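See structure below.
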Amino acid sequence: MSKIVESAPAYAEFIEKKAQSDLYSGFDPLWMPSFLFDFQVALLDWAIRKGKAAIFADCGLGKTPMQLVWAENVVRKTNGRVLILTPLAVSHQTITEAEKFGIECHRSHTGELQPGINLTNYERLHYFNPEDFVGVVADESSILKSFDGKRRGEVTEFMRKMPYRLLATATAAPNDYIELGTSSEALGQLGHMDMLSRFFKNDQGNAIKTQVFRQANRSFARLDEGAKWRFKGHAETAFWQWVSSWARALRRPSDLGFDDGKFLLPPLVEREHMVEAERLAPEMLFALPAVGLKEQREERRRTIEERCERVAELVSNTGEPALVWCHLNVEGDRLSGLIPDAKQISGQDSDERKEELFLAFAKGQLRVLVTKPKIGAWGLNFQHCAHVTFFPSHSFEQYYQGVRRCWRFGQTRPVVVDVVTTEGEHQVLLNLQRKAVAADKMFSSLVKEMDRAVSIDRGTRFTVLEEVPPWLS
């Protein structure tokens, strides 16, 4: 207890310093177009003045026009170039949005540069030199932690000396709070390990091992989960205050005090379909919940036929668009074979082929699209589709993003999500539900502290002059 009491002032001093130092390293906005909603104007005003910031806004709240306006302001201020990084196929949507809003934006895949705003996919970043840019936007920035250590490090290094940086994503680390370190590091705030040591405690003393794994490009997120990191006794509120010093979050406009209006979503209908395994696990007399990843993976492979047949029953001959998510290559192959009018996007397809099929589905030219979340769950807009199928996995973010391709602001119909699973995967579903609760708690905490930060914002510019008391005149 004495250690907690002694260290509390140090945390208070740290938070106070972060809340005041470099509060506004950006500039006064030069252009706020009329097509922006009021809550978007508020977010952009803060992000442009901040200079290096993160906007965690839910799907469909207009991150694309916001990041385009942010980039245009930086271009007008500096007369330099800004690079927007997007997931695969999202660059085409961004260019379309830019044309709609009258913002000049140039798409580049091999490093050729144009004045102003340039745009490319994360996979092509190695063609570009950071010295050619004054600003960078990382669209769907939560995808950074899905890359291997080398790719993630490449993006972070590219941004390291950039004077203006913007991260935009819908899901800010829903699996574990500590994954916010990825965003913090990219913005030049605390690094991942520095953040852990300041705010979190590791009961197993695995901090050094975590750093070794990370330097070796291993999955540090998986190791962190096993290492049982938890908030220090006095650090949770301080943590959210610190995050609020460089990030703003909202699930709906009312989180910022604005009217939700047209941003209210239609119902989401989640249905669970339990299929029976035709073959039991070796040496088993009846089905039991799979224990551990090894048994869960064995169960998944042993029930591919049953699960794929159920999905085919759900989406075939409906005449309606359907987005079918899978996790294994053999699942994708079987699904595209069972569903007559389905096309699959697989990892072996070229970037051009992937983009062609994504756009065909978005335009309604393809009825059923089969692919993996890690290929197409980020950034794409499929509001024309109101039917999603999913095989459960431990990644809540993949599930969330996969569903939100369709269930997003702009969707006018109830969205049906069919989760097809087996008796043995019951623990996987429970884990997804646990992570959903953790994600909601994270967003609620961030919004709460964000509101406090806004209400006591030290960057407020007062317009009323002070009055000197007569006895001091």
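A few remarks follow.
- Accessible area, probe 1.4 Å, largest first, for residues Glu72, Glu313: Glu313, Glu72
- Subtracting the Cα-Cα distance of Asn79 and Glu320 from 0.36 nm times their residue separation leaves 82.0 nm of extension gain.
- Across the protein chains, with a 1.4 Å probe defining accessible surface, the residues Cys385, Cys105 rank Cys105, Cys385 from largest area downward.
- Sorted on the mean count of surrounding Cβ atoms within 10 Å across their residues, most packed first, peptides 299-312, 114-127 read 299-312, 114-127.
- Checked against a 30 Å cut-off, the cross-linked pairs Lys262/Lys435; Lys372/Lys441; Lys232/Lys448; Lys50/Lys354; Lys63/Lys435 give Cα-Cα distances beyond that limit for Lys50/Lys354.
- Bins of 10 Å from zero: percent of alpha-carbon pairs in the stretch 327-447: 12, 40, 35, 12, 1
The values are calculated or read from the model by the stated rules, or taken from the named source; none is laboratory data. As the structure is a prediction and not an experimental result, all values here were calculated from the model. We place every Cβ from the backbone using ideal geometry, glycine too, and count neighbours over all the protein chains shown. In case anyone asks, the SASA skips ligands and DNA or RNA and just uses the protein heavy atoms, side chains included. Shrake-Rupley method; radii C 1.70, N 1.55, O 1.52, S 1.80 Å.
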